[in-house]
Amino acid sequence: MLSELEKREDSFDNGCLEKVGRILDEKGFGGSRLIRATLFCYAGFDNKEFVQEQIEAALRAFEYVTRVNSLDEITEVYKNKLVFSKGAIWPGIYHLRLLAFSKSWRNEKNKEIIMEAIKKLIELSPIPSINVLSKGQLISPASFCMHDFKPQFENMNDKEWMMWFHRTEMLARLGMMDKIDKLNQQIEWLKRYLSQHNELFVKRLKHYYFRKWGPYTGMRLEKDWRIEKRRISDLSFRSLLVLHYSSVKQNRC
């Protein structure tokens, strides 16, 4: 499959992604080409030229965040919808995944950029849904999991828990957890919770986001959650995965 994706340079995204994906790529929000590059990073191939191009684009998107002091600076209202202003770029979930699963970009300068960008995303959170405007068309970038980097655990619903697990695993793979206080506090909360429940994650989370696999959602590994033990096993595994990558040195992620 990866071989076919690499060979079909100009036609790999024919179909539902073709138009929207290319617009998002062109405008700096990450579309078809970013998704393709992310798939190669999942498989450990971040040395491909087209993957390197997307890594550079991801770094630019996060660097852009560091220069934003208010969302009002980079957004406007169009037909009662919030849209990015012309020239703005912004990282989505695939930018985060791409960097989380790749290593070649990890030097001190780039790690500093990512750290400062995450701090700014925490500061700006909660971030509303913002569309990309192209010739009068409203396009939703892949902002799943990228809205709230400082959630309140006591108020989180099942859907928000799923996004927290996914986002936090990516941030942990980046090696950011012990470098940013707000993220480290979340990890410390998870450790305390597990220690209070025999090292298991026992919250009764049942949202279909956990169970249904797709481009954005899906965390269940057990065949179903009809038996409580299966749900606890899956959620405990995700918790331990987050803690594992939180403690791994960056050069070994």
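The values are calculated or read from the model by the stated rules, or taken from the named source; none is laboratory data. Treat the numbers as computed from the prediction; the structure is a model and nothing was measured. Glycine also receives a Cβ, built like all others from the backbone with ideal geometry; neighbour counts cover every protein chain displayed.
Answer with yes or no whether K103 is among the charged types (D, E, K, R), assigned to a loop (DSSP other than H, G, I, E, B), assigned by TED's automatic domain parsing to the domain that holds D46 and in contact with a helix residue (DSSP H, G or I) (Cβ under 9 Å, 6 or more places away or on another chain).
yes
Out of (1) closer than 18 Å to P151 by Cα; (2) at pLDDT 95 or above, what's the single condition that is false for M177?
If we test M177 against (1) closer than 18 Å to P151 by Cα; (2) at pLDDT 95 or above, just (2) comes out false.
For residues that are outside any helix (DSSP H, G or I) and touching a residue at least 24 places away in the same chain (Cβ under 8 Å), scanning just segment 45-69, find the one that is surrounded by the most Cβ atoms within 10 Å (Cβ to Cβ).
Among them, the one singled out is D46.
Results for (1) surrounded by fewer than 17 Cβ atoms within 10 Å (Cβ to Cβ); (2) assigned to a loop (DSSP other than H, G, I, E, B); (3) under 19 Å from the mean Cα position of the chain (by Cα), shown as yes or no for each residue.
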position	(1), (2), (3)
P151	no, yes, yes
K159	yes, no, yes
M177	no, yes, yes
L183	no, no, yes
L200	yes, yes, no
K206	yes, yes, no
I232	no, no, no
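Inspect segment 244-253 for any residue being surrounded by 14 or more Cβ atoms within 10 Å (Cβ to Cβ), closer than 24 Å to P126 by Cα and not assigned by TED's automatic domain parsing to the domain that holds S104 and give the result as yes or no.
Yes, there is a match, as at least one residue in segment 244-253 is surrounded by 14 or more Cβ atoms within 10 Å (Cβ to Cβ), closer than 24 Å to P126 by Cα and not assigned by TED's automatic domain parsing to the domain that holds S104.
Of these, V68, V51, which one is closer than 13 Å to A117 by Cα, in the same structural domain as V132 (by TED's automatic domain parsing) and touching a Lys or Arg at 6+ places or on another chain (Cβ under 9 Å)?
The conditions single out V68.
Out of segment 208-219, which residues are aliphatic (A, V, I, L, M) and in a helix (DSSP H, G or I)?
Of everything in segment 208-219, nothing turns out to be aliphatic (A, V, I, L, M) and in a helix (DSSP H, G or I).
So that you can scan it fast, the table gives a plain yes or no per residue for (1) touching a His at 6+ places or on another chain (Cβ under 6 Å); (2) of a type in the set (A, V, I, L, M, F, W, C); (3) within 26 Å of F165 (Cβ to Cβ):
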{"site": "F50", "(1), (2), (3)": "no, yes, no"}
{"site": "Q54", "(1), (2), (3)": "no, no, yes"}
{"site": "S70", "(1), (2), (3)": "no, no, no"}
{"site": "K79", "(1), (2), (3)": "no, no, no"}
{"site": "L82", "(1), (2), (3)": "no, yes, no"}
{"site": "P91", "(1), (2), (3)": "no, no, yes"}
{"site": "L98", "(1), (2), (3)": "no, yes, yes"}
{"site": "K103", "(1), (2), (3)": "no, no, yes"}
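If you check P128 against the conditions, is it within 27 Å of K159 (Cα to Cα), modelled with pLDDT of 95 or more and assigned to a loop (DSSP other than H, G, I, E, B)?
So P128 fits the description; yes.
I'd like to check something: does segment 103-120 contain any residue that is under 12 Å from the mean Cα position of the chain (by Cα), surrounded by fewer than 22 Cβ atoms within 10 Å (Cβ to Cβ) and at negative phi?
No: segment 103-120 contains no residue that is under 12 Å from the mean Cα position of the chain (by Cα), surrounded by fewer than 22 Cβ atoms within 10 Å (Cβ to Cβ) and at negative phi.
Restricting attention to segment 137-146, does a residue exist that is part of a helix (DSSP H, G or I) and either under 16 Å from the mean Cα position of the chain (by Cα) or in contact (Cβ under 8 Å) with a residue 60 or more places away in the chain (or both)?
Among the residues of segment 137-146, not one is part of a helix (DSSP H, G or I) and either under 16 Å from the mean Cα position of the chain (by Cα) or in contact (Cβ under 8 Å) with a residue 60 or more places away in the chain (or both), which makes the answer no.
Residues that are within 21 Å of I139 (Cβ to Cβ), over 19 Å from the mean Cα position of the chain (by Cα), loosely packed, with under 14 Cβ neighbours inside 10 Å and modelled with pLDDT under 90: does segment 17-38 have at least one?
no
Name the residues in segment 177-217 that are touching a residue at least 60 places away in the same chain (Cβ under 8 Å) and among the acidic types (D, E), would you?
D178
I'd like to check something: does segment 74-92 contain any residue that is among the aliphatic types (A, V, I, L, M), in a helix (DSSP H, G or I) and modelled with pLDDT of 95 or more?
Within segment 74-92 (the criterion being among the aliphatic types (A, V, I, L, M), in a helix (DSSP H, G or I) and modelled with pLDDT of 95 or more), the answer is no, since none of the residues qualifies.
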